[in-house]
1. Defining a contact as two alpha carbons under 8 Å apart and six or more residues distant in sequence, what relative contact order in percent does the chain show?
2. When the convex hull of the Cα atoms of the stretch 251-407 is projected onto a plane and the area is averaged over all directions, what value comes out in nm²?
3. Counting only protein heavy atoms, what percent of the accessible surface of the stretch 263-400 is carbon or sulfur at a 1.4 Å probe?
4. Taking a spot 7 Å from the Cα of Glu289 along the direction of its beta carbon, which residues of the stretch 314-352 have an amide N less than 12 Å from it?
5. Counting pairs of Cα atoms in the stretch 206-287, how many percent are more than 19 Å apart?
6. How large is the Kirkwood hydrodynamic radius of the chain, in angstrom, based on all distinct alpha carbon pairs?
7. Which of Lys190/Lys318; Lys29/Lys178; Lys25/Lys190; Lys29/Lys190; Lys101/Lys180 have a Cα-Cα distance over 24 Å?
8. So, in Å, what gap is there between the alpha-carbon centers of the stretch 123-146 and the stretch 323-396?
Amino acid sequence: MRRSCNYVDPRLMNHGYRTSYLVSKILKKTGKYSAVQMRDICILAMLHDIGAYKTEEISRMLEFETENVWEHSNYGYLFIKYFSPLARLAPVVLLHHTSWKQLKEMGNVSEEIKTLAQILNIADRTDVYMEEEGHRWEDFTVLLRQESGNKFAPWLVELVTEAGTEGLLEKRALEDEKFKNLLGSLPFTKEEVKNYLKMVICTIDFRSRHTVTHTMTTTSISYELALRMGMSEREITSIVRGALLHDLGKIGIPVEILEYPGRLSPQAMHIMRTHVNITEEILGTDVDETTKRIALRHHEKLDGSGYPGKLTGRDLTKGERIVAVADIVSALTGTRSYKDAYPKEKVVSIIEGMRRENTIDAECVSCMVADYEGIMEHTLQRCQPILDAYYNIKREYLENDKIIKNL
């Protein structure tokens with residue numbers, strides 16, 4: 001997650017990581033939270049600015065006196081609500097810039113959420129004031145006490161500023177092994193791992209409205225092709241995993257290139273193609289080699305004209321060929337800023353032409369053409385929940401915006 005999000009803007013992830021560290025110190029000081037609760041709250045804190053990946057607010061947010069903070073809070077709340085295992089805690093993100101004076105009057109918000117929103121608020125402002133703006137802890141305690149009862153909860157101000165706790169908020173996040181263990185050593189369930197990975201994948205696709213379902217479509221088509229081509233269960237698992245991860249690196253491509261309305265210039269295309277290299281760097285050594293190769297080779301061609309390795313057919317496994325074809329079909333059937341979704345006839349014509357040119361696998365193409373409607377029907381069913389969530393986010397964003405502007 002950290003390596004992925006750093007490619008959007010490392011300032012945000014570094015700020016999130018330090019803020020999470022400060023949250024962990026405050027939570028520990030309260031003595032009210034279990035290790036698992038602390039881990040989940042700290043992961044939420046690490047991601048508290050994830051909504052800014054959709055906005056132009058990054059530089060503004062890293063100023064202590066911040067205005068217009070609701071856009072990223074609103075979007076971040078909705079993203080956490082719909083695309084993470086932390087949905088129950090999502091309101092903390094929505095309200096983490098809300099003053100205590102306003103927060104305590106909100107009868108529809110639980111005391112737990114109010115407390116965590118305030119803890120996150122203080123940790124967030126502490127890091128910005130001290131790390132980004134270079135002020136001293138002593139000066140920050142003065143500000144906290146001045147705003148006690150207004151911006152910040154009095155009991156929390158007392159907890160954070162009481163004598164002898166200067167070390168509570170030391171800037172040691174990157175070196176603190178206990179904090180790293182808190183985030184990484186407690187076991188995650190298989191379901192949690194799957195949901196966090198899906199969250200990272202959705203972070204990529206939701207940077208551009210034209211790629212909302214591309215990853216899921218590519219994965220579904222890959223699965224359907226592998227099934228029809230008699231691949232083993234183990235092979236299908238690797239294919240699905242590789243397909244899910246194949247565009248991870250697009251998180252590091254500027255949105256203006258992802259959404260450019262037309263053919264990219266040679267310079268922009270060069271940048272776009274680096275998404276494969278970025279994917280490789282993000283995956284590191286945390287993914288098995290078969291899955292990793294499938295993810296990294298989806299733009300290779302049988303005749304050596306692909307990228308980044310200019311590999312040929314003898315270098316490419318059946319799984320790698322399947323995902324390459326699925327990626328092309330997904331791109332052709334999806335909308336872009338410069339085109340509508342292509343109908344079946346045009347898609348079939350294009351992939352059969354590529355088969356004749358020996359750039360993509362003939363068996364994969366034949367299988368796709370033979371049951372095009374069946375494959376695409378299953379794919380649409382799988383993608384519908386993602387589309388529904390996307391439209392719910394758009395609707396709730398506007399509803400929340402009206403409420404927020406009245407605060």
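1. Numbers: 498 pairs, mean separation 63.8, N = 407.
Relative contact order, the chain: 16 percent.
2. Numbers: hull surface 49.2 nm².
The number I arrive at for the stretch 251-407 is 12.3 nm².
3. Here carbon and sulfur together make up 52 percent of the probe-accessible area.
4. none
5. Counting pairs separated by more than 19 Å, the tail of P(r) holds 48 percent.
6. On the way: mean 1/r = 0.0435 Å⁻¹.
Radius from the Kirkwood sum: 23.0 Å.
7. Flagged as over cut-off: Lys190/Lys318; Lys25/Lys190; Lys29/Lys190; Lys101/Lys180.
8. Answer, in whole Å: 51.
The values are calculated or read from the model by the stated rules, or taken from the named source; none is laboratory data. Quantities reported herein were computed from a predicted structural model and do not represent experimental measurements. We place every Cβ from the backbone using ideal geometry, glycine too, and count neighbours over all the protein chains shown. Accessible surface is based on the protein model in full, side chains and every heavy atom, while ligands, DNA and RNA are left aside. Shrake-Rupley method; radii C 1.70, N 1.55, O 1.52, S 1.80 Å.
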